[in-house]
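**Student:** Sharing a structure with you now.
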């Protein structure tokens, strides 16, 4: 369904206090807006309050700038970090991949099927393996090679080319869809809050190549995946989504790998969709996800 041009989403966080929901609702009511959905959460551990409101505005509020002005007083009164998002404006997304194509293929299919409201502006890879898949979906493919054992300076130069591509294309989210490179602290800082990674949940038990085969050799009974925001601490960024699947001795290594990759696909797709729908708010090292 095509979103209405007059639909907006407000996301906010601030110190918890009495009257926040009342005040936000009152501002919207006085402006003639119609609240379509509202969710909130107060975290007793941090004393912070989080809220997401989807609302429609009347004709005279014909732009995000005018909608922003509605909340100027509330921002000051409650010390809010408040953002306004036009629902009709789709996020511009770049997908990074290495050789394993399952997450890339799943995201591109869901995008083309209209399941994730985003615009995929390109695929970037350190290998050429996924070029034909990108071409099938008519998405520009950018090859940024890295030789095995490349030094830090060479890696950083490659990252800077990706950063330049993101600026050129107005990219708002970088999705690491099994992109098998460790990002530098500088790149992670530049991507803060706008890069999502997926990994199998065997870390740190099964590191390196072919983790599912390692898991099969150990006879695991539960496999899963984790999607998280990228930070300089490897695979320790704020978690967005996780899921698991039970397995048993009847699966061979290839079958177990297939099950694991399916879980990765689903977890990453949900995380990306929630991000572009403005459902995720950062809460220190955690996230609040309004589903």
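Nothing in this text is a laboratory measurement; each read-out follows from the coordinates by a stated rule. For clarity, every value in this text was computed on a predicted model and none was experimentally measured. In this analysis, Cβ positions are derived from the backbone assuming ideal geometry, glycine residues included, and neighbour counts consider all displayed protein chains.
**Student:** Rounding to the nearest 10 and keeping the result within 0 to 90°, find how far the Cα-based axis of helix 102-112 lies from the longest principal axis of the chain.
**Tutor:** So the inclination is approximately 40 degrees.
**Student:** From the helices alone, meaning DSSP H stretches of at least four residues, give me the mean residue ellipticity at 222 nm for the chain, per-run term -39500 (n - 2.57), in deg cm²/dmol to the nearest 500.
**Tutor:** That comes out to -10000 deg cm²/dmol.
**Student:** Nearest 10 degrees, 0 to 90: what angle lies between the long axis of helix 20-30 and the longest principal axis of the chain (Cα atoms)?
**Tutor:** Relative to the chain, helix 20-30 is tipped by roughly 60 degrees.
**Student:** Starting with the highest mean, order 12-20, 245-253 by the number of other Cβ atoms within 10 Å, averaged over the residues of each peptide.
**Tutor:** The packing order, highest mean first, is 12-20, 245-253.
**Student:** If Rh is defined by the Kirkwood formula over all Cα pairs and Rg also comes from Cα, what ratio Rg/Rh do you get for the stretch 7-86? Write out the running numbers ahead of the final one.
**Tutor:** On the way: Rg = 12.1 Å, Rh = 12.7 Å.
Rounded to two decimals, Rg over Rh is 0.95.
**Student:** Same structure again: With 28 Å as the cut-off, how large is the P(r) tail for the stretch 126-277, expressed as percent of Cα-Cα pairs?
**Tutor:** Here the tail beyond 28 Å accounts for 25 percent of pairs.
**Student:** Can you grab the distance from the C-alpha centre of the stretch 189-264 to the C-alpha centre of the stretch 1-35, Å, no decimals?
**Tutor:** A separation of 37 Å, based on Cα centres.
**Student:** A further question on this structure: Using a Förster distance of 51 angstrom, determine the FRET efficiency expected from the C-beta separation of residue 77 and residue 291, and round it to 0.05.
**Tutor:** 0.95
**Student:** Note the full-extension length gain between residue 217 and residue 233 as 0.36 nm times their separation in residues minus their Cα-Cα distance, in nm to one decimal.
**Tutor:** Value of the extension gain: 2.9 nm.
**Student:** OK, next. Where both partners of a DSSP beta bridge lie in the chain, what percent of those bridges are antiparallel, to the nearest 5?
**Tutor:** Around 70 percent antiparallel, to the nearest 5.
**Student:** When you count, for each residue, the other Cβ atoms within 10 Å and take the mean per peptide, how do 113-122, 34-43, 273-282 rank with the highest first?
**Tutor:** Per-residue Cβ counts within 10 Å, averaged per peptide and sorted highest first, yield 273-282, 113-122, 34-43.
**Student:** Specify which labelled value, from [x] 7, 31, 40, 21, 2; [y] 6, 25, 31, 23, 12, 3, 0; [z] 7, 29, 37, 21, 6, 1, agrees with P(r) over Cα pairs in 10 Å bins from 0, in percent derived from the coordinates of the model shown.
**Tutor:** Matching entry in [x] 7, 31, 40, 21, 2; [y] 6, 25, 31, 23, 12, 3, 0; [z] 7, 29, 37, 21, 6, 1: [y].
**Student:** Here's another thing I want to ask about it. What distance in nm separates the simple spin-label points at residue 266 and residue 22, each placed 7 Å from Cα in the Cβ direction?
**Tutor:** Reported label-point gap for residue 266 and residue 22 is 4.3 nm.
**Student:** Let me ask something additional. Rounding to the nearest 10 and keeping the result within 0 to 90°, find how far the Cα-based axis of helix 253-276 lies from the longest principal axis of the chain.
**Tutor:** Taking the Cα atoms of the chain, the angle to 253-276 is about 20 degrees.
**Student:** If you don't mind, there's one more thing I want to ask. Report the FRET efficiency, 1/(1 + (r/R0)^6), for residue 282 and residue 243, where r is their Cβ-Cβ distance and R0 is 25 Å, rounded to 0.05. Spell out each step's value before the answer.
**Tutor:** On the way: r = 21 Å, r/R0 = 0.84.
Computed FRET efficiency for residue 282 and residue 243 comes out at 0.75.
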